[in-house]
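Participant: Dropping a structure here in structure tokens format, bear with me for questions.
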Amino acid sequence: MPRRMKTPAAPAITSLPELVERLGRYAALSARAETLAAKATEELAAIKARLEAEAAPLAAEMKAILLAAKPWWAANSEQLTEGKRKSVELAGCLIGERLSKPALGHPKPEHVAIELLRGHGLAAMIRVKEEMDKLAISRLLAFTPEDPVADEDVAELLACRETLERLGFSIIQKEEFFIARAGDVPEATETVADPTEQVLA
């Protein structure tokens, strides 16, 4: 879980040389933070790969035991359960039979099942997820007659844009202060509720 760390108080900057010194420090900190993040990603990937390699033969042996025990259980379970139970505890394991998690059986492929439901008055059993196409809406709000579209589409697109604006849709941007290392493309930042705190990975 990320640790929350209070942002340390920094003395006010009172001169250009002091600003230059602080910005140099900022660039160095930014480079170091990126190096640590890359190292963390690399080391976590290595740890995951090593542990998965160690776990693979364990899983394979467990599966082999399961496959070997299944026919034995089918032939001998009555002796252990006396026909009264589905499973027993042996050597630190529960062995036996149980119902799998319920799954829906339906005609395949799924679109055939959907059409069958719709055609037999069961459309309420069909779930449709609706969400705004925010990218399309934003593009339409930014549309101008100078954009490369067919002349006959301009009037319709302008009318749609005006409707969106009338309904309260808009593109929200604001000026924000930033510092970035030279050569980096500054990205927009999220507004933080408490400016005295930051999240450290």
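Participant: Can you name the condition, by its number, that Gly92 falls short on among (1) closer than 24 Å to Ala182 by Cβ; (2) loosely packed, with under 11 Cβ neighbours inside 10 Å?
Facilitator: Against the list (1) closer than 24 Å to Ala182 by Cβ; (2) loosely packed, with under 11 Cβ neighbours inside 10 Å, Gly92 comes up short only on (1).
Participant: In the range 123-135, what residues are of a type outside the set (A, V, I, L, M, F, W, C) and assigned to a helix (DSSP H, G or I)?
Facilitator: Of everything in the range 123-135, just one residue is of a type outside the set (A, V, I, L, M, F, W, C) and assigned to a helix (DSSP H, G or I), namely Lys134.
Participant: If Glu61 meets every condition in (1) under 30 Å from Arg85 (Cβ atoms); (2) at pLDDT below 95 apart from one, which number is that one?
Facilitator: With (1) under 30 Å from Arg85 (Cβ atoms); (2) at pLDDT below 95 applied to Glu61, the lone miss is (2).
Participant: Ok, one more. Please go through the range 11-53 and give me each residue that is farther than 22 Å from Ala182 by Cα and at pLDDT below 95, ordered by number.
Facilitator: If the condition is that a residue be farther than 22 Å from Ala182 by Cα and at pLDDT below 95, then Pro11, Ala12, Thr14 are the ones that fit.
Participant: Looking only at the range 160-189, filter to residues that are of a type in the set (A, V, I, L, M) and either part of a helix (DSSP H, G or I) or touching a residue at least 60 places away in the same chain (Cβ under 8 Å) (or both); which one of those is farthest from Ala31 (Cα to Cα)?
Facilitator: Leu164
Participant: For Lys129, only one of the following conditions fails: (1) at pLDDT below 90; (2) touching a His at 6+ places or on another chain (Cβ under 7 Å). What is its number?
Facilitator: (2)
Participant: Cβ-Cβ distance below 7 Å, separation of 6 or more or different chains: which pairs start in the range 127-147 with a residue that is free of Cβ contacts under 8 Å to residues at least 40 places away in the same chain and end on one that is part of a loop (DSSP other than H, G, I, E, B)?
Facilitator: Close Cβ pairs satisfying both conditions: Ile137/Phe169; Ser138/Ile171; Leu141/Phe169; Leu141/Ser170; Leu141/Ile171; Ala142/Ile171.
Participant: A further question on this structure: Return yes or no: is Pro17 at negative phi and part of a helix (DSSP H, G or I)?
Facilitator: So Pro17 fits the description; yes.
Listed here are the residues, each with its yes/no results for (1) under 30 Å from Leu66 (Cβ atoms); (2) hydroxyl-bearing (Ser, Thr, Tyr); (3) assigned to a strand (DSSP E or B); (4) in contact with a strand residue (DSSP E or B) (Cβ under 8 Å, 6 or more places away or on another chain).
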{"site": "Leu94", "(1), (2), (3), (4)": "yes, no, yes, yes"}
{"site": "Arg98", "(1), (2), (3), (4)": "yes, no, no, yes"}
{"site": "Pro102", "(1), (2), (3), (4)": "yes, no, no, no"}
{"site": "Gly121", "(1), (2), (3), (4)": "no, no, no, no"}
{"site": "Ile137", "(1), (2), (3), (4)": "no, no, no, no"}
{"site": "Glu146", "(1), (2), (3), (4)": "no, no, no, no"}
{"site": "Val149", "(1), (2), (3), (4)": "no, no, no, no"}
{"site": "Ala155", "(1), (2), (3), (4)": "no, no, no, no"}
{"site": "Leu158", "(1), (2), (3), (4)": "no, no, no, no"}
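Participant: From the list Ala142, Ala113, Ala69, Ala124, exactly one residue is small (Gly, Ala, Ser) and either exposed (fewer than 10 other Cβ atoms within 10 Å of the Cβ) or at positive phi (or both). Which is it?
Facilitator: From the options Ala142, Ala113, Ala69, Ala124, the qualifying one is Ala124.
The values are calculated or read from the model by the stated rules, or taken from the named source; none is laboratory data. Note that the coordinates shown come from a computational prediction; the quantities given were computed from them, not determined experimentally. Using ideal geometry, Cβ is built from the backbone for each residue, glycine included, and neighbour counts are taken over all protein chains shown.
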